[in-house]
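First up is the structure itself, then whatever we jot down about it.
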Amino acid sequence: MTLEELVRKTLAVRPGLPITDDDGPGTIDGWDSVGHIKLVAAIESAYRVKLRPNDVIRIGKLSDIKRILKEKGAASV
Amino acid sequence: MGSRTKLMPAVASKVLDWAAAAPDRPAIVCGGETVTYAQMKARVEAAAGFLLRRGVRPGDRVVLSAGNSSPRCVLGHLAIHLLGAAAVPVDEDISDERLRGIIDKTEPALIALSGRPRQGSVPLESLDSGVAAPRPPATVGFDEPVDILFTAGTTGSPKGVPQSSRNILAFLNAHVRLFGVSESDRVVIPVPISHGYGLGRLRLTLFTGGTAILVRGLLQPADILRAFREAGGNALCCAPAGIAALFRLTEDALREFAGQLRYIETATAPMPEVDKARLARLLPGAKLYESYGATETTGSITHAERGDLQGRRGSVGRPIPGVEIRIMETPRKEAEPGRPGRILVRGETVTAGYWRDPERTRTAYADGWFATNDIGYVDAEGFLFLTGRQEELINVGGFKVAPMEIELALKAHPAIEECACVAVVDPHGITGEAPKAFLELAPSARKPTEEELKVFLRERLESYKIPAQFAWVERIPRTPSGKVQRSLLKGC
């Protein structure tokens, strides 16, 4: 599953709505406080990584997650 | 009988005073902006000019987005008060259906919303286009509504709670003493100001000339840390779910602010003991306050400080000054100390009834007493303990959600014949409770996936109302009269 697919599934994004690397809490419906925690948990589970506090506070948009996952050596982001 | 006294709503009036006494002190830090008291006065007066030009008059209602993302929400709110109208604050991501219900009930003179335009609304940004103009004397009757807050009703239709100057001043007087608040307070408020708890803390901070640092929930934990680190926050008001989320996402980062934080207050749900102990370990010098209240009581009914509740697991503290609590074992019989019953409250903070809803008012209000939705008992020392709920609301991280509202949204799906929602433990361990939906498939229908159902609900409900779990069942259990037996679904 790609990161975009994971975000769609976790946050129940409407089908057909495009998601880009620049999207984040301000542009994706459902990416609120609770959605954010769900997303962190889903990322950790799907990519078998542990997001540390310093990682989590850097997440402002999709590209930040991709960068963090690459730093952690996660495959196929 | 209500008082005939008329006055400018307390918080708006004090903001004007602070603009003269401390013009350069920051009033709000929000969305990357810092607004001083002098700037706030000028912008509130300009926004009032805009509202006046759009026909808002004393006694009117104005619906407006009240998010923590822009100072405009606060400025608009105070501008409404300046004109002697009542503010009806709503969530920024309010669903169309809920908004419709609120508009039908309040018949607002104007609707100012952030985000996409809806139902004849004007953009919240347009408040900035106003020009200060002579306005009518801003006086409101002591018992007339200053704000009308909408809360969940068990039938799914929203209940409006008008809070008057009497209620708000009683709340402010009690809390100034309880918290020992001062002008040097810089209070971080991540709870939404469209709800009673967040709005109450905003009122208290502005009333006392402090600085309100508004943060959009726990969406970005970095924002909370930044609020302490860069904006100098020295107090935090938060739901226990927010503290749990901070721990989950930032581990022990709060330790960095041990010498800076004067107090942390939690409300809306009991805080788990393990989280209390962790806070005490990380912030040994900070006071930890716990409160319990309702929108209908204009905020806290009880209050406790760290140490008060040791050995009193499940207690939410003692009544605040001016509040009386009574426990009713039956509608006519008061409970003995230690015996559980429905919690009733009386005092100046207790509102007069629901907005244009005499039937619901009759059910919950009588002789100055308000019957809460909670069951509990009072011990011999006067500490209140919560043991259950009278009605079946789900407490999602402090947001009260009516199962029926979710059920009505689900029933609009063609593949769902019947459904019922109950509270389950949040699988992520953050919000305390989360909704779980039990579903009956309609004849010949294809079973939708969980993802499809969530997308369907996103169109109709705020995100925190979307069930965390779905389960398909052959039959929803019902009583012979057809009422859903939710108790049989709990634990399934």
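Compute the acute angle (0 to 90°) between the alpha-carbon long axis of helix A:62-71 and the principal axis of greatest extent of the alpha-carbon atoms of chain A; round to the nearest 10°. For helix A:62-71, the angle is close to 20 degrees. Normalised by the number of residues in the range B:393-488, the mean separation of alpha-carbon contacts (under 8 Å, six or more apart) gives a relative contact order of 28 percent.
Taking a straight line from the alpha carbon of A:K72, these aspartates and glutamates sit under 20 Å away, with near neighbours fewer than eight places off in the same chain left out: A:E4, A:E5, A:D21, A:E44, A:D55, A:D64, B:E251. Within the range B:350-397, the ratio Rg/Rh, alpha carbon atoms throughout and Rh by Kirkwood, equals 1.04.
Taken over the range B:6-384, lysine pairs spaced eight or more positions apart, or on distinct chains, with alpha carbons under 29 Å apart number 9.
Sorted from longest to shortest, the spans of the Cα atoms of the protein assembly as shown along the three principal axes equal 63, 57, 51 Å. When a/c is below 1.5 the answer is rounded, else prolate if a/b is larger than b/c, else oblate, so apply that to the range B:26-153 with a ≥ b ≥ c taken from the square roots of the Cα gyration tensor eigenvalues. Oblate, since a/c reaches 1.5 and b/c is not below a/b.
Close Lys pairs in the range B:393-488 (alpha-carbon distance under 14 Å; sequence gap of 8 or more, or different chains): 6. Binning the alpha carbon pair distances of chain B at 10 angstrom intervals from zero yields the distribution 4, 19, 30, 28, 15, 4, 0, 0, expressed in whole percent.
Among B:365-373, B:228-236, the peptide with the highest mean count of other Cβ atoms within 10 Å heads the list, and the full ranking is B:228-236, B:365-373.
Taking each residue as 0.36 nm, the span from B:D93 to B:R312 lengthens on full extension beyond its C-alpha to C-alpha distance by 75.0 nm. Once the C-beta distance of B:R57 and B:A21 is scaled by a Förster radius of 22 Å, the resulting FRET efficiency is 0.15 to the nearest 0.05. Is the shape of the range B:267-419 best called rounded, prolate or oblate, per the rule: a/c under 1.5 gives rounded, else a/b larger than b/c gives prolate, else oblate, with a ≥ b ≥ c the square roots of the Cα gyration tensor eigenvalues? In terms of gyration-tensor shape, oblate. Under a 5 Å amide H cut-off, with hydrogens placed 1.01 Å from N, B:V396 pairs with B:V401 among residues at least 5 apart or on other chains.
Note on B:417-429: average number of Cβ atoms from other chains within 10 Å of each residue's Cβ is 1.
Counts of other chain beta carbons within 10 angstrom of each beta carbon in peptide B:448-456 average 3. For the range A:3-71, the alpha-carbon radius of gyration amounts to 1.01 times the rule-of-thumb value 2.2 N^0.38 Å expected for a compact globular protein. Could you tell me what % of all Cα pairs in the range B:393-488 have separations over 23 Å? Cα-Cα pairs in the range B:393-488 separated by more than 23 Å: 21 percent.
Checking every one of the trypsin sites (Lys or Arg not before Pro) in the range A:8-54 against DSSP loop status and a limit of 12 other Cβ atoms within 10 Å picks out A:R48, A:K50. Ordering of B:350-362, B:137-149, B:328-340 by packing is B:137-149, B:350-362, B:328-340, highest average first (other Cβ atoms within 10 Å, averaged per residue). Averaged over peptide B:244-251, the number of partner chain Cβ atoms lying within 10 Å of each residue's Cβ comes to 4.
The percentage of C-alpha pairs in the range B:320-387 whose separation is greater than 14 Å is 58%. Our helix-only sum for chain B, with -39,500 (n - 2.57) per DSSP H run of n ≥ 4 divided by its residues, gives a mean residue ellipticity at 222 nm of -8500 deg cm²/dmol. Annotation: Cα Rg of the range B:283-322 relative to the compact-globule expectation 2.2 N^0.38 Å equals 1.24.
Among the helices of chain B, those built from whole DSSP H runs whose Cα atoms reach 18 Å or more along their own axis and whose mean Kyte-Doolittle hydropathy is at least -0.5 are B:37-53, B:165-179.
Rule-based calculations on the coordinates, nothing more; no lab input. Computed from a prediction, not measured in an experiment: that's the story for all the values here. Quick reminder, even Gly has a Cβ in these numbers, built from the backbone with ideal geometry, and neighbours come from all protein chains shown.
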